[in-house]
Amino acid sequence: MVYNQFFKAALLTAVIVFFSFFLAYIIDSTRTGEVKSFVQDLIFESESNRLISKFYLFAANSTKKCEILQIPKEVQTAKTYQLALKFKEYEQANLFNTELEYLKKSYFVNLFDLYLLALEKNNACPENKDVIVVFFYLEAACPACIETDYIIRNVTANCQNIQTFAFPLNVNYSFIKALKNYYALEDEPTLVINNKKYSITNLTEEKLLTLLKLEQAICK
Amino acid sequence: MHYERSHFTKEGKKELILIGLFMFALVVLIFLWISYKIIFIVNGIIIIYIFSVYLFLFLDHSQKETKLPTLKSWPEVSIIIPSFNSSQTIFKCLEACKSLNYPKNFEIIVVDDGSQDGSYEKLKEVKGIKLLKNPRNLGKAAALNHGIKNAKGEIIVCVDSDSYPEKDTLIKTIPYFYCEEKVGSVVVFIKVAEPKTLIQKMQEIEYNLSFGFFFKIIAFIDCLYVTPGPTSLYHKKVFEEIGYFAEDNITEDMEIALRIQKNGWKIKRASDAIAYTEVPADLIGLFKQRLRWFRGAIYNLLTYFDMFFNPRYKTLGLFILPLVLFSGFFTAIFFFWAILNYFDLFWKFALPTFLYSPILFFQSLALYFLDIRLVNSSFLLGFFGFLFWLFFCLKSFELANEKLKTYHIPGFVLMLFFYPVFIGFSFFVSYLMEFSGQRYRW
């Protein structure tokens, strides 16, 4: 009977749907796994820095206190716009996003933690100050953000005492909102170098290098 | 020739304009509201289910053939050819019709529908045909009716003036009228005549797929809902009982098929009988043809909406007719939604990036289109749907007794990738025109 074929088709559809979801799950897990290792490194670095910071409090009277705070920048690349972009792209491409959502939150919390530790270190040891570059970008496709990130990466690769961070502006995280309020940021890509705001309009590698050098960055 | 087109311009049915527009707006809103991933998944599941049904119908019936009776006496046959400005093709069509094998003599009636290209004058000189003339251009259905009313035959063969039935078409089809009771019409396998352009090559594959593969499947379950205009055969009793072709209809071949089914007559398909037809050579011609087909289909399906979900019409009413109407509707909506999304992508990303830096634009383009890692997982169901589509396209070649050759490849690629988008666009425009009640101009 004809209805038999309709039933068989329903079964085949169920099998294909199940198989497709299984494949999607594997693909999505692979993508999530790719960013997971970066996030784990970042979490480790953040926790390790926190411990160093505690140790600094213990050794505050030592003459070597600032040497303690010479924190190695292990996962510098993870702090940039590139990984944030990857989050966004995988978020769009994945069907199963629960873990990615969690990783994303965890990533930004720990990145913010690292940023605070960098500020703390600069306050504690002004003689060994790092230049802190924070790039506030828009999460949605933003040509100027892609271009600015490219410039920041090119320039900072040749500098020694620079720490770069990148935070999205248009996300609903309370600490990002706090940052936005603190720097009085609007929803447009902005560069903050040692607490000074700069517009990214017409930013070139030469301009950025000049700005960094003015802030005592040691660049080639 | 003007037609008072659109179902909605009919008296008493104008309120359907509002309902149609409301439904259209509602579905668009739902599409915009829910995540595109959900849309792809739901769309993918529906497509896979429909294709699976076709697959099982094909696998379960492909070996079954209708048992045909041996006819002791063959019926009288009349071939009707409506002609309107068809001087380019009508003589080749007549040649094909005259050389048809049949144990008896048969009449050929050409009905000129107010041609202005001199074909009527030339046809007067052709021997062995009965030439009739409409006082003015009344349309194909009127020309067919004029011919049928003057035909002597028990079996009426309607042939388009740009179609060429193969020699054995009559002896391969006519026995089907006597294999069961109440067979009202027999359809044949329509193929593209000498495809030259890329668009014609695409249609060659499309015709193999539609009239070869899908028609074979729906004929198994007595669900043929169109008797193709290029060549179809009818029992004269059908016209006497249910009336002639609807003269205000732009797809009279679909309307008569639905009327035949509705009145309890059957439509059979002679799988090995072939007729060739000319098809549009360029995209604009094809688009105009599809607008006519789809607008006609929407109009006819809405006219026969009482057959929908009606158990009396079995699989035709419960599955095939709703599938034809709603798949067209959702294809149109899906196309509209895709346009909006691409417009959004263009407006928010592509254009600003290009204005910001053309180099960056092309880099991003390469990144998004070449980076396989960014392929959306919800497209996976679509991929399986595509595999079905590929299988059906390849199978249709087998059914057409053809082998896929190198020259088929460009048409095949167009059929796989361009055709679905083109059909979506054509459905979208057709629905808009029908909903807005625009008149059809032939």
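Full extension of the chain between residue A:18 and residue A:37 yields a length gain of 4.0 nm, computed as 0.36 nm times the residue separation minus the alpha carbon distance. Checking every one of the GluC sites (Glu not before Pro) in region B:144-244 against DSSP loop status and a limit of 11 other Cβ atoms within 10 Å picks out B:181. Here chain B yields Rg over Rh of 0.99, to two decimals, using C-alpha coordinates and the Kirkwood radius. Take each residue of peptide A:87-97, count the partner chain Cβ atoms within 10 Å of its Cβ, and average: the result is 3. Region B:195-213 and region B:121-173 have Cα centres separated by 25 Å. Computed from label points 7 Å out along Cα-Cβ, the spacing between residue B:149 and residue B:242 is 2.1 nm. Shown in residue order for region A:23-30 are the 3J(HN,Hα) couplings computed by the Karplus curve 6.51 cos²θ - 1.76 cosθ + 1.60 at θ = phi - 60°: 4, 4, 4, 5, 4, 5, 5, 4 Hz (x for Gly and Pro).
How much FRET efficiency would the formula 1/(1 + (r/R0)^6) give for residue B:74 and residue B:121, where r is the Cβ-Cβ distance and R0 is 35 Å, rounded to 0.05? The calculated FRET efficiency here is 0.50. Think of it as helices only: each DSSP H run of n ≥ 4 in the protein assembly as shown is worth -39500 (n - 2.57), and spread over all residues that comes to -17500 deg cm²/dmol at 222 nm. How much of the DSSP beta bridge set in region B:77-307 is antiparallel, as a percent to the nearest 5? Of those bridges, close to 35 percent are antiparallel. Computed from backbone phi with θ = phi - 60° and the Karplus coefficients 6.51, -1.76 and 1.60, the 3J(HN,Hα) list for region B:312-323 is 4, 9, 6, 4, 4, x, 7, 10, 5, 5, x, 4 Hz; x is used for glycine and proline. Accessible area per residue (1.4 Å probe, heavy atoms of protein chains only) ranks A:174, A:53 as A:174, A:53, with the largest value leading.
Based on the Cβ-Cβ distance from residue B:26 to residue B:289, what FRET efficiency comes out when R0 is 35 Å, to the nearest 0.05? Approximately 0.70, to the nearest 0.05. The phi-based Karplus calculation (6.51 cos²θ - 1.76 cosθ + 1.60; θ = phi - 60°) puts the 3J(HN,Hα) values of region A:44-53 at 4, 5, 5, 5, 5, 5, 5, 5, 4, 4 Hz, whole numbers, x for Gly and Pro.
When peptides B:353-360, A:118-125 are ranked by their average number of other Cβ atoms within 10 Å per residue, the highest-first order is A:118-125, B:353-360. Projected over all directions and averaged, the alpha-carbon convex hull of region B:249-306 occupies 5.1 nm².
If you take the Cα centroid of region B:223-249 and the Cα centroid of region A:169-220, the two points sit 75 Å apart. Compute the Cα gyration tensor for region A:1-125, then decide on rounded, prolate or oblate, letting a ≥ b ≥ c be the square roots of its eigenvalues: rounded whenever a/c is under 1.5, prolate when a/b is larger than b/c in the other cases, and oblate in all that remain. Here region A:1-125 falls in the prolate category. A DSSP coil position with no more than 13 other Cβ atoms inside 10 Å describes the following chymotrypsin sites (Phe, Trp or Tyr not before Pro) in region B:288-334: B:309.
In the distance distribution for the protein assembly as shown, Cα-Cα pairs more than 45 Å apart total 40 percent. Once you reduce region B:19-70 and region A:83-99 to the center of their Cα atoms, the two points are 30 Å from each other. For residue B:269, the residues whose amide H sits under 5 Å from its own are B:187, ignoring neighbours fewer than 5 places away on the same chain, with H placed 1.01 Å from N.
Between the amide H of residue B:133 and those of B:112, distances stay under 5 Å, these residues lying 5 or more places away or on another chain, with hydrogens modeled in the peptide plane.
Is the shape of region B:77-307 rounded, prolate or oblate, going by the alpha carbon gyration tensor and its root eigenvalues a ≥ b ≥ c, with a/c under 1.5 for rounded and a/b larger than b/c for prolate? Since a/c stays below 1.5, the shape of region B:77-307 is classed as rounded. Accessible area per residue for region A:130-220 is 48 Å², calculated with a 1.4 Å probe on protein heavy atoms, without ligands, DNA or RNA. Rounded to 0.05, the FRET efficiency of the residue A:154 and residue B:394 pair, given R0 = 51 Å and the Cβ-Cβ distance, is 0.50. Remark: the residue B:326-residue B:34 segment gains 103.2 nm on full extension, using 0.36 nm per residue and subtracting the alpha carbon distance. Pairs from the table (A:64/A:196; B:72/B:236; B:237/B:262; B:72/B:124; B:172/B:196) lying more than 24 angstrom apart at Cα are A:64/A:196; B:72/B:124; B:172/B:196. Largest GNM mean-square fluctuation among B:120, B:49, B:176, using chain B with Cα springs under 10 Å: B:49.
Compactness check for chain A: Cα Rg over 2.2 N^0.38 Å is 1.30. Partners of residue A:105 within straight-line reach, counting lysines whose Cα lies under 18 Å from its Cα and excluding those fewer than 8 residues away in the same chain: A:36, A:79, A:86, A:88, A:177, A:180. Listed as lacking a disulfide-compatible partner in the protein assembly as shown: B:93, B:97, B:158, B:179, B:223, B:393, by the criterion of no other cysteine Cβ under 4.7 Å.
Between residue A:47 and residue B:131, the simple label model (points 7 Å from Cα in the Cβ direction) yields a spacing of 9.6 nm. Under a straight-distance cross-link criterion of Cα-Cα below 19 Å, which aspartates and glutamates are reachable from residue A:121, leaving out those fewer than 8 residues away in the same chain? List returned: A:45, A:47, A:67, A:74, A:113, A:130, A:215.
Taken across both chains, chains A and B shield about 3000 Å² of accessible surface from a 1.4 Å probe.
Applying the criteria of a DSSP loop state and at most 14 other Cβ atoms within 10 Å to the GluC sites (Glu not before Pro) of region A:140-220 yields A:186. Seen from residue A:142, the other residues with C-beta closer than 11 Å to its C-beta sum to a net charge of -3, counting Lys and Arg as +1 and Asp and Glu as -1. The packing ranking, built from the mean of other Cβ atoms within 10 Å per residue, places the peptides B:388-395, B:377-384 in the order B:377-384, B:388-395, highest first. Considering only DSSP beta bridges whose two residues both sit in chain B, what percent are antiparallel, to the nearest 5? Counting DSSP beta bridges with both partners in chain B, the antiparallel share is about 35 percent. Label positions at residue B:355 and residue B:61, each projected 7 Å from the Cα along the C-beta direction, are separated by 5.6 nm.
Largest GNM mean-square fluctuation among B:135, B:352, B:322, using chain B with Cα springs under 10 Å: B:352. Straight-line cross-link reach from residue B:201 at under 23 Å between alpha-carbon atoms covers these lysines, not counting any fewer than eight positions away in the same chain: B:92, B:191, B:216, B:288, B:395, B:403, B:405. Accessible surface computed residue by residue for region B:77-307, with neighbouring protein chains in place and a 1.4 Å probe, gives 35 Å² per residue. The apolar share of the surface of region B:59-175, taken as the fraction of accessible area on carbon and sulfur atoms (1.4 Å probe, ligands and nucleic acids excluded), comes to 48 percent.
The values are calculated or read from the model by the stated rules, or taken from the named source; none is laboratory data. Computed from a predicted structure; not experimentally measured. Here Cβ is always computed from backbone atoms with ideal geometry, including for glycine, and neighbour counts include all displayed protein chains. Surface accessibility is based on the protein's heavy atoms, side chains included, excluding ligands, DNA and RNA. Shrake-Rupley method; radii C 1.70, N 1.55, O 1.52, S 1.80 Å.
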